[in-house]
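First up is the structure itself, then whatever we jot down about it.
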């Protein structure tokens, strides 16, 4: 698993804890790394995870409004905790990180496959795709140069031996 995927999974766990415990974000982040976080996580991944979780928590209202606008017939509190936090995390990346939106969607779906259900993956994909289309109309994402995009994609993909093993 790539370090950025690991970071996103850590961020999701922090968001889950914040959602369930309803505590101050700084306390959740500190507690996660002190008690729950994997000590083998690389420093860059820890920093990325913390930035994602803290940023998502800081912009929760705006993120939930974006999700609410595309989640027809679904209120945010009625969504499964994992699913709503995967959505929040991806929308945060759409709005505040240089991650290509398609990569953010793919990462959200991979995480959903691991932590949620098949139906949830379809639900998350539909909402994120609709939000991506809205954002592409409002503020097209600047194209990353080919080297940056290639580096981002490589960091998101498992090594070739893992890819071929998973497709076998």
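Each reported figure results from applying straightforward, stated rules to the coordinates on display, with no laboratory input. Nothing here was measured: the structure is a model prediction, and the numbers come from that model. Because the Cβ atoms are built from the backbone with ideal geometry, glycine has one as well, and the counts that use them run over all protein chains shown.
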Based on other C-beta atoms within 10 Å, arrange 111, 81 from fewest to most. 81, 111
Taking the C-alpha atoms of the range 3-141, convex hull volume expressed per residue in Å³: 98 Å³
Could you line up 64, 136, 22 from fewest to most neighbouring Cβ atoms inside 10 Å? 22, 136, 64
The FRET efficiency for residue 47 and residue 22, from their Cβ-Cβ distance with R0 = 35 Å and rounded to 0.05, is 0.85
Work out how much length residue 3 to residue 118 would gain on full extension: take 0.36 nm times their residue separation and subtract the Cα-Cα distance, in nm to one decimal. 39.0 nm
